[in-house]
Amino acid sequence: MATKTDQSQSISQRQVTRLPLGTYDFIIHYAEMLDEETAEFRHSHPYMELFYIESGELTIRYDNTDDVHLQAGDIVIVSADTLHHVLNIPGEKKRYFILIFELKLIKSHMSRSSADFREAHRLDAILGQIRKNSYTHVSAGWDASELLDQISRETHEKQFGWTMYTNMLYYGFFIQALRHIVVSVSEFERTDDALNLAIEATKYIHAHYAEVISLDTLAAHLYISPRHANRMFKKMFGTTFGKTLRNLRLTYAKNLLVTTELSVEDVAEQVGFSSTQSLRKVFKQYEGITISQYKESVRL
């Protein structure tokens, strides 16, 4: 770990803090602002560790072999049980913040809204990508100095409610850091990741085709940008999200038209078309015949 000389107005959080984060508990085990005076030895621990470089440059060595050079505004999250340490390079000025934490799934919790579960799914996706590697490095160009200064002031002034307010600031820092991480871990282009995304996308469409969904809602579910979702569809399926959704709805509509006594109006509503007219138009466009002609042909 690390040792350093004491500095006034510096962050040093050693008590365990537990904060709710969707379906997880966000548990802070240690937080501190460090600089070039820090001497650190190789170590690992069962928690994740976040590095934020406020100023200067920093070099972290992973597994005794991989050196990563960081600049101001960069963020790194080191996965649990990863051997790592900050190299002490003479003359290398730096000021950086570390946050050692874990996210523990809450086994039992009260029922939550769909928005809560969407956020939980997003967090699961982010953590899944982070845990695939020993570390995740983002050149974010993020300036969190003001937020860290607030934490430092609260820690040292200890005015009424400072503990609760400091926890809220830690929480805000972590959320903002994750927002920068998301851009990095969600815009991947590797074939295996694209395939996994495509599978998740099709599952989502099959589960929600009868609802009002769009490329934006799919992208939010997968926690990727709509632009990336559109590229993924074209790459994996050779078509767009919109055409895929219309084809799926049409397939379900044809099945209901043949196997049930539902009216065309009810069928349109059950498979997600905005109106009967919309269903009739798409049906004629893709099948080349009207719904009445189709039903007649099936009876024959």
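Only the coordinates and a few stated rules stand behind these numbers; no lab work does. None of these values were measured; they are calculated from a predicted model. A quick note on method: Cβ atoms are made from the backbone with ideal geometry, for glycine too, and the neighbour counts reach across all protein chains shown.
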Give me the extension gain from His156 to Arg18: residue separation times 0.36 nm, minus the current Cα-Cα distance, reported in nm with one decimal. 47.6 nm
For segment 222-275, how big is Rg over Rh, using alpha carbon atoms and the Kirkwood form of Rh? 1.13
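Given a Förster radius of 30 Å and the C-beta distance between His206 and Glu296 as r, what FRET efficiency does 1/(1 + (r/R0)^6) yield to the nearest 0.05?
That pair, His206 with Glu296, gives E of 0.55.
Find the relative contact order for segment 143-300 and round it to a whole percent, using C-alpha pairs within less than 8 Å whose residues are 6+ positions apart.
15
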Within 10 Å of each candidate Cβ there may be at most 13 other Cβ atoms; applying that plus a DSSP loop requirement, which trypsin sites (Lys or Arg not before Pro) in segment 45-101 survive? Lys93
If the reach is capped at under 25 angstrom between alpha carbons, list the lysines near Lys94, excluding any in the same chain fewer than eight residues apart. Lys4
Straight-line reach from Lys234: which aspartates and glutamates have Cα under 18 Å away, leaving out those fewer than 8 places along the same chain? Glu187, Glu189, Asp192, Asp193, Glu200, Asp216
Could you pull out the pairs from Lys132/Lys243; Lys203/Lys235; Lys104/Lys132 whose alpha carbons sit more than 22 Å apart here? Lys132/Lys243
Whole-number percent relative contact order across the chain, with pairs defined as alpha carbons under 8 Å at least 6 apart: 14
Run the Debye formula on the Cα coordinates of the chain, all scatterers equal and no solvent, and tell me log10 I(q)/I(0) at q = 0.08, 0.12, 0.15 1/Å. -0.50, -0.86, -1.15
Amide H neighbours of Tyr96 at under 5 Å, excluding residues fewer than 5 places away on the same chain, with H built from the backbone geometry, are Leu34, Asp35, Glu54
Taking 25 Å as R0, compute the FRET efficiency from the Cβ-Cβ separation of Ser134 and Ala39 and round it to 0.05. 0.65
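Using only the Cα atoms of segment 247-300, build the gyration tensor, take square roots of its eigenvalues as a ≥ b ≥ c, and label the shape rounded, prolate or oblate: rounded if a/c is under 1.5, else prolate if a/b is larger than b/c, else oblate.
Oblate, because a/c is 1.5 or more while a/b does not exceed b/c.
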Under 5 Å between amide hydrogens, which residues at least 5 positions from Tyr24 or on another chain qualify, with H placed 1.01 Å from N in the peptide plane? Ile106
Structure-based [θ]222 nm, the chain - -39500 (n - 2.57) summed over DSSP H runs of at least 4, per residue, nearest 500: -15500 deg cm²/dmol
When the chain is modelled as a GNM with alpha-carbon springs shorter than 10 Å, which of Ser225, Ser278, Ser79 fluctuates the most? Ser278
In segment 237-282, which GluC sites (Glu not before Pro) are in a loop and have at most 14 other Cβ atoms within 10 Å, using DSSP for the loop call? Glu261
